[in-house]
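Data first, discussion second: the structure below is written as structure tokens.
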Amino acid sequence: MQNPKSSRQEQMHEWLKSEINKDKLELNKDKLEFIELIKNNSKEQILPKKEKLSLWKRISRVLIGR
């Protein structure tokens, strides 16, 4: 006959392991969904090109503070 405390601890340990496995599966599913989402977009949609400012525009930004 097992000690009720140890049995309870074993149950909790098994529950914790099952929850960790569930979390891993959910995380992998979310990763795959995110990868597919990124694959469907172009580079320009994800990272838009920055406008290159001329010297005068940079000076005006510094002086005006925009």
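With respect to the conditions (1) under 23 Å from the mean Cα position of the chain (by Cα); (2) surrounded by 10 or more Cβ atoms within 10 Å (Cβ to Cβ); (3) not in a helix (DSSP H, G or I), Pro48 falls short on a single one, namely (2). For region 51-66, a tally of residues being within 37 Å of the chain's Cα centre (by Cα), surrounded by fewer than 10 Cβ atoms within 10 Å (Cβ to Cβ) and assigned to a helix (DSSP H, G or I) returns 1.
Taken together, the values in this text are just the output of simple stated rules run on the coordinates, not laboratory data. Computed from a prediction, not measured in an experiment: that's the story for all the values here. Here the Cβ is made from the backbone with ideal geometry for all residues, glycine too, and neighbour counts use every protein chain on show.
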